[in-house]
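See structure below.
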Amino acid sequence: MTIDFTAESAALADDLSALRRDLHRNPELGLALPYTQKRILEALDGLPLEITCGNNLDSVVAVLRGARPGPTVLLRGDMDALPVVETTGLDYASTNGSMHACGHDLHVSGLVGAARLLSAHREELRGTVAFMFQPGEEGMGGAKIMLDEGMFDTIGAKPDAAYAIHVAPGVPGTFVTRPGTIMAGANTLHVTMHGKGGHSSRPEDSVDPVRPVLEFGQALYSMITGSFSVFDPIVAEVTQLSAGDAVNVIPATASLGASVRTLSAESTKRFPELATRLAESVAAAHGCTAEVVWNEQYPVTVNDAAEAQFALGALNEAFGSVRVVEAPDPVMGSEDFSYVLEEVPGAFVFFFVSPAGVDPATAATNHSAEVLFDDAYLPDQAAALATLAWERSQQG
C-alpha cells in the first residue's frame, strides 16, 4: 500500500510554519532546551504516541506502534541552535543572541509533521516508527547521550533502519544523498610546546617554544599532502595560536589548536599518530618537549549503501527525479547522527530550501548569521520523512 504523503502534508503547512517560526524566535543552546521540548510536547499532544523525555538532556522520544507487525524505523530531528547573533532582518528573527543558523528549527517542525502524517495511518502502519527529537547536535554529542540513556530500550527494539533530513541552502526542493560516506568525522588537535621562559633580550638563556609551534603549524600541511591519499582526503586548519602575554617575555609554553576533518576510520586513527611524531621531532630540534591532545569529536557519517539507494528511490517516486540527486562526493562538515548510523543501517539526506529570490550559488551558508531557509518546504520535508518510514515499513 502506497500513501501520497505529499498531498496530505499540504494541510499541515500553516501549523508547521507557525511552529518553526516560534522556535526560530526562541532558540536554545546545547542540551538544556526546556522551551523547545515544551513546544514539541504540545505539538505532539493528542497523537497516539508513547512519549519519553531524556534524563540528562531535554530530548523527546515519541514512539508510534502500528496496528500490524513489521520493522522498526527511526526518524531523527535535532533541536539546538548556535551562539550566533542573527542579522537576517526577518520579522521572526531571534533577539536573544543565539540563532537557528543550521535549520534545526525546521528539522523539529518537519519531524512533528511526519509524526502527524504517520499517526493518521496507524491502523495501516506495519511495525513501529520512533521519532527522535535530539538536543546537543552542535558539538555536544546529544545523539550519543540519547543512545547511552537507552533510547533503543525505550523504543522496545533496535531499529531496522534510521533516517535524518538536514536542510541547507541550494536549489529549492532538492533532496541529496549518497551511499557510503556522506559527511566527515570532526576532530580537534591541540599541541603545546614546552620550553623555558626568559627575557626577550636574552634568547640564549631561554628555550623558545614559539618557534617550534609555528614550525609545526606549517609542517602539518606538508605532512597531510605527503602522508595521506588524495582519494581519502583530510581538511586540517590551524585555527588557534597562543603564547605569552607580554611582548618582552619569552613564554615557557606556546600552543596551537586545529580542526581536522577526516573521511575514514583509518585516517582518523592514523592522523594523531603522525601528528604526534611530527610534533615531538620538531620540539626536539628546538630543545623543547611536545604535548599532543587529540579528540575525536564526531565519527565519520556513513550511509548504509542499501538504505541510501532505498532513500533515493523512495524520494524519487514521491517527488520526481528532477528533485532527487545522488551526490558524487561527501561533504567535509560533520554530524552526530553518525553515532546512530554506527548502530543502525540508515541514510542521512540533505534538503535544499533556499527562498525564492536567493541565488543558491551565493547564498549564505549554514552557521552564517545571514542564512535563510524557506519554511514553505516544511510540508515536503514532513512528507519525505513519512514516506521513508512508511515505504521502509512495507519492506519488512
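Per-residue answers, yes or no, for (1) crowded, with 19+ Cβ neighbours inside 10 Å; (2) assigned to a helix (DSSP H, G or I):
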{"position": "Ala314", "(1), (2)": "yes, yes"}
{"position": "Glu317", "(1), (2)": "no, yes"}
{"position": "Pro328", "(1), (2)": "no, no"}
{"position": "Val340", "(1), (2)": "yes, yes"}
{"position": "Phe350", "(1), (2)": "yes, no"}
{"position": "Ser354", "(1), (2)": "yes, no"}
{"position": "Tyr377", "(1), (2)": "yes, yes"}
{"position": "Gln381", "(1), (2)": "yes, yes"}
{"position": "Ser393", "(1), (2)": "yes, yes"}
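Set side by side, the residues Gly217, Gly226 differ, and just one is within 12 Å of Val191 (Cα to Cα) and not assigned by TED's automatic domain parsing to the domain that holds Gly333, which is Gly217. Taken across the stretch 145-159, residues that are of a type in the set (Val, Ile, Thr), within 20 Å of Val73 (Cβ to Cβ) and touching a residue at least 24 places away in the same chain (Cβ under 8 Å) do occur, with at least one present.
Residues are listed down the side, and each one gets a yes or a no for (1) under 28 Å from Met183 (Cα atoms); (2) touching a strand residue (DSSP E or B) at 6+ places or on another chain (Cβ under 8 Å):
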| residue | (1), (2) |
| --- | --- |
| Glu237 | yes, yes |
| Leu241 | yes, yes |
| Asp245 | no, no |
| Pro251 | no, no |
| Gly287 | no, yes |
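Considering the stretch 1-47, and only residues there that are touching a His at 6+ places or on another chain (Cβ under 7 Å) and in a loop (DSSP other than H, G, I, E, B), the residue that is nearest to Arg392 (Cα to Cα) turns out to be Ile3. Scan the stretch 193-214 for residues that are surrounded by 17 or more Cβ atoms within 10 Å (Cβ to Cβ), part of a helix (DSSP H, G or I) and not basic (Lys, Arg) and the total you get is 4. With respect to the stated conditions, Glu307 fails to be of a type outside the set (A, V, I, L, M, F, W, C), closer than 20 Å to Gly173 by Cα and not in a loop (DSSP other than H, G, I, E, B). One residue stands out in the stretch 48-87 among those that are in a loop (DSSP other than H, G, I, E, B), small (Gly, Ala, Ser) and under 18 Å from the mean Cα position of the chain (by Cα): the one that is farthest from Tyr163 (Cα to Cα), namely Ala81. Scanning the stretch 228-269 for residues that are in contact (Cβ under 8 Å) with a residue 24 or more places away in the chain and part of a helix (DSSP H, G or I) returns Ala265, Glu266, Ser267, Thr268. If the condition is being among the hydrophobic types (A, V, I, L, M, F, W, C) and under 21 Å from the mean Cα position of the chain (by Cα), then the stretch 12-33 contributes Leu23, Leu29, Leu31, Ala32, Leu33. Residues in the stretch 177-188 that are part of a strand (DSSP E or B) and surrounded by 23 or more Cβ atoms within 10 Å (Cβ to Cβ): Thr177, Ile182, Met183, Gly185, Ala186, Asn187.
The values are calculated or read from the model by the stated rules, or taken from the named source; none is laboratory data. Here the structure is a predicted model, which is why all the values come from computation and not from measurement. Cβ sites come from the backbone with ideal geometry, for glycine too, and all protein chains shown count toward neighbours.
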